[in-house]
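The values are calculated or read from the model by the stated rules, or taken from the named source; none is laboratory data. Bear in mind that the values here come from a model prediction, so they are computed numbers and not experimental data. Cβ atoms come from the backbone with ideal geometry, glycine included; neighbour counts cover every protein chain shown. Just the protein is used for accessible areas: all its heavy atoms, side chains included, with ligands, DNA and RNA removed. Shrake-Rupley method; radii C 1.70, N 1.55, O 1.52, S 1.80 Å.
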Amino acid sequence: MEVSVIIPIYNEEENIQLLFDRLSAVMNGMCNSHELIFVNDGSKDQSIHLIKDLAKQYDSVKYIDFSKNFGHQIAVTAGIDQASGDAIVIIDADLQDPPEVIVEMYEKMKEGYEVVYAKRRKRDGESKFKLWTAKLFYRILKTITSTNIPVDTGDFRIMDKKIVKVLKQMPEKNKFLRGQIAWIGFNQTYVEYDRENRNAGDTGYTVRKMLHFALDGITAFSDLPLKLVTYFGFIVSFIAFIIMLYALYSRFILDDYAQGWTSLILSILFIGGVQMIAIGVIGEYLSRMNSNIRDRPLYIVKDTNLEEQE
Ligand code: UDP
Ligand code: MG
């Protein structure tokens, strides 16, 4: 198999046919053999039936049907586990990532790169909120981690099977694939593209999922939040110490006391807030450790036309 294409699917019934047509055209012109691995991530619409129909007609169409919605990153991971191609492509199903860009990425890969990712030059048709938060997130992540995670880049990319082999050895449950792939190294480069509008349907990434994903990225690639908590603790303690000295001084030397409800309540609230935040930050890391220790399967396959392979 020359190229495997992984397509995570969550309620994409209106996009599957067009995606298949465009993707097949690109693949047939680009390489001799390919497979399209559709991972149905618990869609509530007709997506899986459409995929199964395609699979009946075309040998190149493979599917993995999850028992429920496990999330985009996990869907992609399931595809990675099963992909047998020498090169592996990850692409969204909603045609925001134009399949035609794959040709350019594949060419670039042949120049001797193990990973070619697609960098968004501009993003059409997404809310100001999403653009702004994404931009901010990528920049924060870049500053607080030592892994060089490319900015303005999603999972749309092509990678060599060498990379995939390493990815399979990274069993962490909280997936942040673009970070993991950056961490692996080898020769990586990018091509630029214009991210298009979603062809049809709605985004499956709710604000909640986005937030969770962002925290997965941060906790997996940076310990800075934990360190900040410690620093902040030191700073607050230091300030408290100075105030304590002053309090003793005014009590015993100046003999001036029994006032100061305002300053008392303020400092209690302030320290209380800081402690809550600190515990919350630690909790974020702890809950991720917890889910890794529980070691439940990452996903559950209900149905597939792929043979189990390790
Ligand atoms: N997706 C998925 N599981 C989810 C959410 C999304 O497999 O829980 C898929 C979705 O079908 C699409 C890709 O992940 O192929 C990107 O999702 P979406 O387009 O909704 O995200 P956005 O582009 O808005 O960030
Ligand atoms: Mg999309």
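Please give the per residue volume of the convex hull enclosing the alpha carbon atoms of the range 99-206, rounded to a whole number of Å³.
About 124 Å³ per residue, rounded to a whole number.
Straight-line reach only, C-alpha to C-alpha below 25 angstrom: list the lysines that LYS168 could link to, leaving out same-chain residues fewer than 8 apart.
LYS62, LYS68, LYS108, LYS110, LYS119, LYS142, LYS209, LYS302
In percent, what relative contact order does the range 167-310 have, based on Cα pairs under 8 Å that are 6 or more apart in sequence?
37 percent
Please list, ordered by chain and number, the residues whose modelled amide H lies under 5 Å from the amide H of VAL61; skip anything fewer than 5 residues away on the same chain.
Under 5 Å from the amide H of VAL61 lie the amide H atoms of LEU36, each far enough along the sequence or on another chain.
Give the ranking of ILE144, ILE271 by solvent-accessible surface, highest area first, calculated with a 1.4 Å probe.
Per-residue accessible area, sorted high to low, gives ILE271, ILE144.
On full extension of the chain, what length is gained from SER84 through ASN28, given 0.36 nm per residue of separation minus the C-alpha to C-alpha distance?
18.4 nm
Provide the net charge surrounding LYS162, with neighbours chosen by a C-beta distance below 10 Å and charges set as Lys +1, Arg +1, Asp -1, Glu -1.
Residues close to LYS162 contribute a combined charge of -1.
Over the chain, what is the mean sequence separation of C-alpha contacts under 8 Å (at least six apart), divided by residue count, expressed as relative contact order in percent?
Relative contact order, the chain: 22 percent.
With angles folded into 0 to 90 degrees, how steeply does helix 16-30 sit against the dominant principal axis of the chain? Use alpha carbons for both and round to 10.
In the chain, helix 16-30 runs at an angle near 70 degrees to the longest axis.
Using a 10 Å Cβ count of at most 13 others and DSSP loop calls, identify the longest part of the chain lacking such trypsin sites (Lys or Arg not before Pro).
Here the longest segment lacking exposed loop sites spans 69-310.
Report, to the nearest whole %, how much of the accessible area of the chain belongs to carbon and sulfur atoms, 1.4 Å probe, protein only.
Using a 1.4 Å probe with all protein chains present, the chain comes out at 59 percent carbon and sulfur.
Taking amide H positions as placed in the peptide plane 1.01 Å from N, state which residues far from LYS119 in sequence (5 or more) or on other chains have amide H under 5 Å from it.
Counting only residues 5 or more places away or on other chains, the set is VAL191, GLU192, TYR193.
Using each residue's phi in the range 156-168, evaluate 6.51 cos²θ - 1.76 cosθ + 1.60 at θ = phi - 60° and report the 3J(HN,Hα) Karplus result to the nearest Hz, with x for Gly and Pro.
5, 6, 10, 9, 6, 5, 4, 5, 4, 4, 5, 4, 5
For the chain, what is the calculated [θ] at 222 nm in deg cm²/dmol (nearest 500), taking -39500 (n - 2.57) for each run of four or more DSSP H residues and dividing by its residue count?
-17000 deg cm²/dmol
Identify the GluC sites (Glu not before Pro) of the range 103-150 meeting these criteria: DSSP loop state and at most 11 other C-beta atoms within 10 Å of the C-beta.
GLU111
What are the ³J(HN,Hα) values, in whole Hz, obtained from phi via the Karplus relation 6.51 cos²θ - 1.76 cosθ + 1.60 with θ = phi - 60°, for each residue of the range 240-246 in sequence order, with x given for Gly and Pro?
In residue order, the calculated couplings are 4, 5, 4, 4, 4, 4, 4 Hz.
Apply 1/(1 + (r/R0)^6) to the Cβ-Cβ distance of MET170 and PHE238, taking R0 = 35 Å, and write down the FRET efficiency to the nearest 0.05.
The pair MET170/PHE238 has a calculated efficiency of 0.30.
Would you kindly work out the equivalent ellipsoid of the chain from its C-alpha gyration tensor and give its semi-axes, the square roots of five times the eigenvalues, largest first in whole Å?
Equivalent-ellipsoid dimensions as semi-axes: 48, 20, 18 Å.
What residues qualify as long-range amide H neighbours of GLU12, i.e. H under 5 Å apart, gap of 5 or more or another chain, H built at 1.01 Å from N?
Amide H neighbours of GLU12: SER47.
Under 1.5 on a/c is rounded, so check that first for the range 1-159, then, if it is not, pick prolate when a/b is larger than b/c and oblate when it is not; a ≥ b ≥ c are the square roots of the alpha carbon gyration tensor eigenvalues.
In terms of gyration-tensor shape, oblate.
Cα centroid distance between the range 240-310 and the range 154-207, in Å?
Cα centroid to Cα centroid, the span is 32 Å.
Mind checking the dipole of the range 17-61: about its Cα centre, +1 per Lys or Arg Cβ, -1 per Asp or Glu Cβ, Debye to the nearest 20?
Charge dipole of the range 17-61: 60 debye, to the nearest 20.
Any idea of the accessible area per residue across the range 16-96, 1.4 Å probe, to the nearest Å²?
For the range 16-96, the solvent-accessible area averages 35 Å² per residue.
For a Förster distance of 22 Å, can you work out the FRET efficiency between the beta-carbons of ASN197 and GLN17, rounded to the nearest 0.05?
Here the calculated transfer efficiency is 0.80.
For the range 266-283, what does the Karplus curve 6.51 cos²θ - 1.76 cosθ + 1.60, with θ = phi - 60°, yield as ³J(HN,Hα) per residue in whole Hz, taken in order and with x for Gly and Pro?
Calculated HN-Hα couplings, in order: 4, 5, 5, 4, 5, 5, x, x, 4, 5, 4, 4, 4, 5, x, 4, 4, x Hz.
Relative contact order, percent, of the range 112-200 when contacts are C-alpha pairs under 8 Å separated by at least 6 residues?
56 percent
Using Cα centres only, tell me the gap between the range 6-34 and the range 113-146 in whole Å.
The range 6-34 and the range 113-146 have Cα centres spaced 24 Å from each other.
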